[in-house]
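*Asks:* Once you've had a glance at the structure underneath, I'll fire off some questions.
The values are calculated or read from the model by the stated rules, or taken from the named source; none is laboratory data. Given the structure is predicted, the values throughout are model-derived calculations rather than measurements. In this analysis, Cβ positions are derived from the backbone assuming ideal geometry, glycine residues included, and neighbour counts consider all displayed protein chains. Heavy atoms of the whole protein, side chains included, go into the accessibility calculation; ligands, DNA and RNA do not. Shrake-Rupley method; radii C 1.70, N 1.55, O 1.52, S 1.80 Å.
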Amino acid sequence: MSNRIVEFFDVSSICFEPYLTDRRQPQRPSHLRQKDFDQNYDYGIIFVDIFYDISEKKIHCIGAPLYHMTDLVSDRNISFLTKFSLLKRRKHSNIEIQTIEIDRVSHTVINYNSWLKPEFLQFNIYGKVNINLINDNNSCLLEDKRVVLLKNKDNQLRWIKDYCDYYQKIHNADIVLIYDSSEEYSSLELLEYLRNNTSISIVVVRWPVPYGPIKYENSNWDSDYSMYLMFEHAKYRFLQTARSVLYVDIDELVLSKNNQSIFEEAENTNEPLYFNGEWIVNTTLEKEYSFKDLCYLDRRKGKAVVKWCLGLNGDNRSFLADCLQWRVHDHYSHALKKSLRNNLNTNFETRHFLPITSGWRSKNRYEVVSLDENLVKDERLILTYKQLGWIS
C-alpha cells in the first residue's frame, strides 16, 4: 500500500508512589468488591499521558479520576520547562489549569501564555520532582482517515491480523489504532508482526493502564478506567481530524445487510450509528483457530452488546466537543446530562465471537458447544468468509 502508515507511540505517565497511603481511593463500597478487587484496581495512574492540543496552545493531561485529590493538580505543583530552561532550572509561569472529572476519567487542560513552546512538564508531589516529556499531537497522521479503534491485551496475533484484514476489505478502513496492554508479547513485536502480515496502516500505542475490576453483583461499572482513558486519549491526541471512527473489540466483526461500508453510512448521517448483533459460539475442537472456523449462532443467547461508529466530518465534528464523552456503548453529553444513544441501526450488526479471547476475564468462553437444534449456521457470515477468501 502506498503511503502506508506503520507507527509506534509511547505515553508520558506520572503515577502515585505505591507505598503512600495518600493516593486514589476506590469509590465502590467494600461489600461490593470481589476478592481480587485490590489486585486489579488502578491505585497508581495520575496522568497516563501528557501531550499538546492540536492547536499547540495548550496541554492535555489524561488520567484516572482523582476524586478527593484534585488539589494535587494546581500551579503549586505543575510548571513547564523548555530544554533551555531545564538546564537553567527556569520555569514557565503564567499558566492556567482546569481539571474536569467525567465518567472514569480526569482530564486536565493547561493553557500557557508564552512565545516559547514548553517541552517538559514538571510535577512536584511529596517533594519528588517528576520531569516528563510533553508528547506531540498526532492527529495530522490520521487526517481524513477511517479509523478502527481497538484495545488489545494478549490476543493471538493471527486474530489481530484477521481482524485488520476484515475491516480493511469489508468496510474500507484506512487504519487500525491499537492501544496495547499485552504482557505475553511487546507492543513493538505486535507492530512488527502487523507490518509484515497486513497491508492496512497500523498505529500501536503502548498503554500501561490496567483494565481494572469489572462489575460485581449489584455494583456499577465504576473502576474500568483503562477503556475510558483510551477513548479520551484517542479523541484528543489522534482523532481530531479523522474522517470517522469505529469502535469494536477483537471478538466483534460487523456485518452489513446491503454490502455497504459502515464508515460510509456513518459519514453520511448526523448522529452516531449504534448497533448490536448475535453471539457466535465455540464449535471447533481445533486448538489453533480463528474467525473462519466459527459460524454457529446460539438461539438461546440474547443480543450481543451495543457498539458504535461515528462520522467526524461536517456537523458530526460536534462529537469532538469537550462536553461530549465517548464511552464503551454510547456517547454522553455532560451539558445535557444524558446519553445520546438513539435507536439501533438495522443495516449493521455484529457477530460477537465467544472463543476469540485471551481469557483474561473468563475461561468459560472457550467451552465447546455441541451441535444441536439450538445452533444455527450463520449463512451471511459464511458468505462474508468466502468474499474474503478465507474459505472456498
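*Asks:* Which is part of a loop (DSSP other than H, G, I, E, B), of a type in the set (Lys, Arg), open to solvent by 40 Å² or more (accessible area, probe 1.4 Å) and in contact with a Phe, Trp or Tyr (Cβ under 9 Å, 6 or more places away or on another chain), of LYS301, LYS287, LYS292?
*Replies:* LYS301
*Asks:* Taking SER106 as meeting all but one of (1) within 23 Å of PHE8 (Cα to Cα); (2) in contact with a helix residue (DSSP H, G or I) (Cβ under 8 Å, 6 or more places away or on another chain); (3) not in a loop (DSSP other than H, G, I, E, B), write down the number of the exception.
*Replies:* Answer for SER106: the failing condition is (1).
*Asks:* Looking at (1) under 29 Å from THR241 (Cβ atoms); (2) of a type in the set (Gly, Ala, Ser); (3) free of Cβ contacts under 8 Å to residues at least 24 places away in the same chain, can you tell me which one GLY311 breaks?
*Replies:* Of everything listed in (1) under 29 Å from THR241 (Cβ atoms); (2) of a type in the set (Gly, Ala, Ser); (3) free of Cβ contacts under 8 Å to residues at least 24 places away in the same chain, GLY311 misses just condition (3).
*Asks:* So, in region 341-367, of the ones that are modelled with pLDDT under 80 and open to solvent by 50 Å² or more (accessible area, probe 1.4 Å), which residue ends up farthest from ASP36 (Cα to Cα)? Talk me through it step by step, then tell me what you get.
*Replies:* To start, the set of residues in region 341-367 that are modelled with pLDDT under 80 comprises 359-367.
After this cut, where a residue has to be open to solvent by 50 Å² or more (accessible area, probe 1.4 Å) as well, the list is 360-361, 363-367.
Numbers: TRP360: 13, ARG361: 12, LYS363: 16, ASN364: 18, ARG365: 20, TYR366: 22, GLU367: 23 Å.
The residue in question is GLU367.
*Asks:* Report every pair of residues separated by at least 6 positions or lying on different chains whose Cβ atoms are under 7 Å apart, first residue within region 189-200 and outside any helix (DSSP H, G or I), second hydroxyl-bearing (Ser, Thr, Tyr) and open to solvent by 50 Å² or more (accessible area, probe 1.4 Å).
*Replies:* From residues that are outside any helix (DSSP H, G or I), there are no pairs.
*Asks:* How about region 218-276: which of its residues are surrounded by fewer than 17 Cβ atoms within 10 Å (Cβ to Cβ) and in contact with a strand residue (DSSP E or B) (Cβ under 7 Å, 6 or more places away or on another chain)?
*Replies:* THR269 - this is the single residue of region 218-276 that is surrounded by fewer than 17 Cβ atoms within 10 Å (Cβ to Cβ) and in contact with a strand residue (DSSP E or B) (Cβ under 7 Å, 6 or more places away or on another chain).
*Asks:* If you scan region 51-61, which residues turn out to be among the basic types (Lys, Arg) and surrounded by 15 or more Cβ atoms within 10 Å (Cβ to Cβ)? Outline the logic, then answer.
*Replies:* Of region 51-61, the ones among the basic types (Lys, Arg) are 57-58.
LYS58, the sole residue that qualifies.
*Asks:* Also, quick follow-up: Would you be able to tell me the number of residues in region 20-50 that are open to solvent by 60 Å² or more (accessible area, probe 1.4 Å), charged (D, E, K, R) and either modelled with pLDDT of 90 or more or in a helix (DSSP H, G or I) (or both)?
*Replies:* Number of matching residues: 4.
*Asks:* Does ASN152 satisfy the condition of being open to solvent by less than 10 Å² (accessible area, probe 1.4 Å) and either under 30 Å from LEU336 (Cβ atoms) or touching a strand residue (DSSP E or B) at 6+ places or on another chain (Cβ under 8 Å) (or both)? Let's see the steps before the verdict.
*Replies:* Details: open to solvent by less than 10 Å² (accessible area, probe 1.4 Å): yes; either under 30 Å from LEU336 (Cβ atoms) or touching a strand residue (DSSP E or B) at 6+ places or on another chain (Cβ under 8 Å) (or both): yes.
Yes, satisfied.
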